[in-house]
Amino acid sequence: MSNNLLAGKRGIIFGALDEKSIAWKVAERCVEEGAMITLTNAPVALRMGEIQKLGKKLNSEVIPADATSEEDLEKLIGESMVVLDGKLDFVLHAIGMSLNVRKKKDYTDLKYEWMQKTFDISAISFHKLMQQLYKKDAMNEWGSILALSYIAAQRTFPDYSEMAESKALLESFARSFGYHFAEKANVRVNTISQSPTVTTAGSGVKGFDEFFDYADKMSPLGNASAEACADYCVTMFSDLTRMVTMQNLYHDGGFSNMGMSPKLLE
Ligand SMILES: NC(=O)c1ccc[n+]([C@@H]2O[C@H](COP(=O)([O-])OP(=O)(O)OC[C@H]3O[C@@H](n4cnc5c(N)ncnc54)[C@H](O)[C@@H]3O)[C@@H](O)[C@H]2O)c1
């Protein structure tokens, strides 16, 4: 159902890898709500070819960019403004990857070279993106920038490993840059802290399936789906949330405020 919440708005969506990706659902919902978007992902992800299908379906240009490369980001933003014929109203950062998790290293035995790469991909890329948007004056007044986070930034979830610190850094960048973007052009910057969701990145965490069930029982509304996350992103990109900035917004069915759920004891 469309309410034309994003009619005439222009945006960039990072991170749609396949149909399960949260960014995939966000892209579909944004276009449904009247937005024009460009899609982007790392060149290696583009080679999988799935994102091209989404591009065709949504009539959106797919522009490769490694989010750790300032040069790629600068080109992406420039090209997006040409293709979309104007400055941007919204940007979604939906990027996460941990080398130590992928290579099954224990938290007490992490390789720091990999940790730095993890931080670069999962968190510093958000700062690099915002810095390029800022320098190129690419955001329209009252624009909205979002990144996706996880509650391991605040609480300990042992198997989430160094991604916990990545998310803490990501959320901090949202607060700090949120100040500068508000001062510059009334642009808001927030993170959405999403429930565990079955995607390539999510399922890569050890014990994901058991944890997914645990979180579902712990959350009074159940786990929030990728589709529900897309709905929330749309509201955050719309003009209905113009005074919300520098926040980490839980989108988790109530998980973050629970202590114990009787459902788990049954
Ligand atoms: N799935 C979950 O349980 C969950 C929960 C909370 C938050 N999140 C966050 O949601 C976001 C999206 O993840 P997802 O779950 O949809 O998984 P996903 O695997 O579909 O998306 C992750 C994306 O990051 C991209 N990426 C990796 N390295 C990149 C680089 N160098 N440059 C550009 N893109 C790069 C991948 O190609 C992929 O498209 C991530 O930030 C993730 O941490 C996920």
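The values are calculated or read from the model by the stated rules, or taken from the named source; none is laboratory data. Since this is a predicted model, take the numbers as computed values, not measurements. Every residue, glycine among them, receives a Cβ derived from its backbone with ideal geometry; neighbour counts consider all protein chains shown. Accessible surface areas use protein heavy atoms only, side chains included; no ligands, DNA or RNA. Shrake-Rupley method; radii C 1.70, N 1.55, O 1.52, S 1.80 Å.
One table, with the values for the structure above:
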read-out: Qualifying residue in segment 160-178 (condition: surrounded by fewer than 17 Cβ atoms within 10 Å (Cβ to Cβ), in a loop (DSSP other than H, G, I, E, B), at positive phi and out of contact with any Gly (no Cβ under 8 Å at 6 or more places or on another chain)); value: no
read-out: Some residue of segment 194-202 being open to solvent by less than 50 Å² (accessible area, probe 1.4 Å) and either away from the ligand (no atom under 12 Å from the Cβ) or among the hydrophobic types (A, V, I, L, M, F, W, C) (or both); value: no
read-out: Long-range neighbours under 6 Å by Cβ, at least six apart or interchain, first residue open to solvent by 20 Å² or more (accessible area, probe 1.4 Å) within segment 57-70, second within 12 Å of the ligand (Cβ to nearest atom) and β-branched (Val, Ile, Thr); value: Val62/Ile51; Thr68/Ile121
read-out: Set Glu71, Glu32: member being away from the ligand (no atom under 14 Å from the Cβ) and over 20 Å from Val189 (Cα atoms); value: Glu32
read-out: Tabulated pairs, segment 78-101, first under 21 Å from Gly55 (Cβ atoms) and free of Cβ contacts under 8 Å to residues at least 40 places away in the same chain, second within 11 Å of the ligand (Cβ to nearest atom) and in a helix (DSSP H, G or I), C-beta under 6 angstrom, 6+ apart or interchain; value: none
read-out: Per-region count, segment 147-158, residues within 12 Å of the ligand (Cβ to nearest atom) and either crowded, with 21+ Cβ neighbours inside 10 Å or assigned to a helix (DSSP H, G or I) (or both); value: 7
read-out: Residues being among the hydrophobic types (A, V, I, L, M, F, W, C), buried (at least 24 other Cβ atoms within 10 Å of the Cβ) and within 14 Å of the ligand (Cβ to nearest atom) - total across segment 119-135; value: 3
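Residues are listed down the side, and each one gets a yes or a no for (1) of a type in the set (A, V, I, L, M, F, W, C); (2) at pLDDT 95 or above; (3) part of a helix (DSSP H, G or I):
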| site | (1), (2), (3) |
| --- | --- |
| Pro196 | no, yes, no |
| Ala201 | yes, no, yes |
| Phe211 | yes, no, yes |
| Gly222 | no, yes, no |
| Cys229 | yes, yes, yes |
| Thr235 | no, yes, yes |
| Met246 | yes, yes, no |
| Ser256 | no, yes, yes |
